[in-house]
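Trainee: Next up is a structure, given as structure tokens.
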Amino acid sequence: MLGEALSDAPEGLSETLALIDGLDDALVHGLGRTDETHLQALTNVAAVFAGSPLAEPVTESIRKIAAGSVTDDHLLALAGARVALLGSVHDALQSGLDHAFGRVRAPFPVTAAEVSVPPGIRSWLRELAITGWRGVDHEIAASGARAVPGLLEDPRQRRLAVLVDGLAAELMAGAPVATLSQVPARRWADLWSRALTLSSAEVPAAPVKGRFLPLGADLREHPTAVQVQVHGLLEAGAVVRVVRTTVTAAKVDTITGPSVWRMFPGVPVLLGALAGHQSVEVDGMRVTASGDLLWDESLATAGEAADPFTTARVQLGGAVGSSLSPLDRHPAAISEPVLLEGYSASPESLEVDGAVVAVDPLPSAGPLTPALVSSSSACIGLLRWDAGRWFVRPLAVQATVRKKAVAMHTGDWALGPTEAKAAKAEAAAGVAVEVLRERAGRLLRK
């Protein structure tokens, strides 16, 4: 059944993606100069919402776009339609995985989402839509970046600030966009629609008491930031939930490889659990309705040994999954922890139940290598979907090395590399981390 979920596209998938592509193409050329082809693409989008609450606002927005009169409310309706279409793709793909794994998923509680984008940012997003990506120059791109410092002053707007800063930086790097041979239409439209629909409302969260069993760590690295997302199971009473917890740190682009683990000195319990394959006792730590365990070291205590592969084989199949907020549902947001066995492997892909799944690039901050993946017999990984196909992001593998069975995990190096050559290189690079931290502390003291 997993092979079918990975190889067979859900019904209506290609048609839905075609609608999104038509809308995105209109944004490339600009809503202020749409031709008959673009207007027809927008009309097709409106048609699929007939009979839904979005029918009237989307139809009205397209009527105004055709007349050359576009307001913020019209663009919000169009962005909402795009989010809904991508959300339907997310739900169809996620449902296929749930059916294959027999996984029950808790529904997201119904809440009122209040969109609160400041007028200055709305004006910039409107200018981008009317001008189109092809019309963006350095001046238009820079006007978005200038609004970021003001957003950062309000803690409720920091997510929006980071998003706008990233979009403005990408536009600035590509400006004038008219000279680019290819425009990243889907990505920029994702960021644009996300900025318009971003809600400042908090996802419902509740304190829990129980045991967190890590399955693996996913490292996400950027030149100026690094993030560790730990996926695992939360035992709280009679219910076992699939959850994840995330910690993020700022860094400079010279800190790479295993040294990035040094950027998290404030979470020794979490790092120790990853490196030592231990459980963590949590008491009062909050978990959101979308399955995010909001990490607080003061509420965590190191627990007993807990082998991730044993945890996955015994409990992952029956664990309850969480649902994302409707505004967060996007096929690129699928990141499903799975245990894969009985596959054939190469450094670039795994063949699972007859379906070929590409292997995501491996982080340099852990011991996993393409050679280990290709010789593995079991893998704990994250199933992801992007660009029309499935990928697996290995978090841990069991393999045979020199006729000896071994288990390697990305988090094995959370407290430092365990391989001699890597440890020596990290020790030398780690000096730079400590120097930078000391200098930063000195500046703050001044």
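Trainee: Among the numbered conditions (1) within 19 Å of Ser193 (Cα to Cα); (2) exposed (fewer than 15 other Cβ atoms within 10 Å of the Cβ); (3) under 27 Å from the mean Cα position of the chain (by Cα), tell me where Pro119 comes up short.
Mentor: Exception for Pro119: condition (3).
Trainee: Within the stretch 220-243, identify whether any single residue is touching a helix residue (DSSP H, G or I) at 6+ places or on another chain (Cβ under 7 Å), among the acidic types (Asp, Glu) and not assigned by TED's automatic domain parsing to the domain that holds Asp24, and answer yes or no.
Mentor: Narrowing the stretch 220-243 to residues touching a helix residue (DSSP H, G or I) at 6+ places or on another chain (Cβ under 7 Å): 221, 226, 230, 233, 240.
Still in the list and also among the acidic types (Asp, Glu): 221.
Narrowing further to those that are not assigned by TED's automatic domain parsing to the domain that holds Asp24: 221.
Yes, that holds for at least one residue.
Trainee: Have a look at Gln315, Gln278 and point out the one that is closer than 25 Å to Gly96 by Cα, under 26 Å from the mean Cα position of the chain (by Cα) and not charged (D, E, K, R). Give the steps one after another, and end with the answer.
Mentor: Values: Gln278 fails: closer than 25 Å to Gly96 by Cα.
Only one candidate passes the filter, namely Gln315.
Trainee: Filter the stretch 291-315 down to residues that are of a type in the set (D, E, K, R) and in contact with a helix residue (DSSP H, G or I) (Cβ under 9 Å, 6 or more places away or on another chain), then give me how many there are. Walk me through how you get there before you give the answer.
Mentor: Applying the first criterion (of a type in the set (D, E, K, R)) to the stretch 291-315 yields 292, 296-297, 304, 307, 313.
Subset that is in contact with a helix residue (DSSP H, G or I) (Cβ under 9 Å, 6 or more places away or on another chain): 297.
Going through the stretch 291-315 one residue at a time, the tally reaches 1.
Trainee: Here's another thing I want to ask about it. Taking the stretch 281-300 as the region of interest, how many residues are surrounded by fewer than 18 Cβ atoms within 10 Å (Cβ to Cβ), within 25 Å of the chain's Cα centre (by Cα) and over 17 Å from Ser322 (Cα atoms)?
Mentor: 2
Trainee: OK, next. Got a sec? Which helices (runs of 4 or more DSSP H) wholly within the stretch 1-91 have at least 1 residues that are in contact with a Ser or Thr (Cβ under 9 Å, 6 or more places away or on another chain) and over 30 Å from Val392 (Cα atoms)? Break it down stepwise before answering.
Mentor: Numbers: elements: 2-7, 13-29, 36-47, 55-67.
Passing ranges, in order: 13-29, 36-47, 55-67.
Trainee: Count, please, the residues in the stretch 354-395 that happen to be farther than 22 Å from Leu274 by Cβ and either hydrophobic (A, V, I, L, M, F, W, C) or assigned by TED's automatic domain parsing to the domain that holds Arg220 (or both).
Mentor: Residues that pass the stated criteria total 9.
Trainee: Same structure again: Got a sec? Which strands (runs of 3 or more DSSP E) wholly within the stretch 351-428 have at least 2 residues that are over 25 Å from Pro10 (Cα atoms), of a type in the set (A, V, I, L, M) and at pLDDT below 95? Steps first, answer last, please.
Mentor: Numbers: elements: 355-359, 376-386, 389-401, 404-409.
Here the list reads 389-401, 404-409.
Trainee: If you don't mind, there's one more thing I want to ask. Answer yes or no as to whether Gln182 is touching a Ser or Thr at 6+ places or on another chain (Cβ under 8 Å), on the phi < 0 side of the Ramachandran plot and of a type outside the set (Val, Ile, Thr). Step through it out loud before you land on a result.
Mentor: Details: touching a Ser or Thr at 6+ places or on another chain (Cβ under 8 Å): no; on the phi < 0 side of the Ramachandran plot: yes; of a type outside the set (Val, Ile, Thr): yes.
The answer is no for Gln182.
Trainee: Tally the residues that are in a helix (DSSP H, G or I) and farther than 21 Å from Leu23 by Cα, restricting the search to the stretch 175-202. Lay out the reasoning, then the answer.
Mentor: First pass over the stretch 175-202, keeping only residues in a helix (DSSP H, G or I): 177-179, 185-197.
Still in the list and also farther than 21 Å from Leu23 by Cα: 179.
Selection size over the stretch 175-202: 1.
The values are calculated or read from the model by the stated rules, or taken from the named source; none is laboratory data. Predicted model, so just to flag it, every value in this text is computed and none were measured. Positions of Cβ are backbone-derived with ideal geometry, glycine not excepted, and every protein chain shown enters the neighbour counts.
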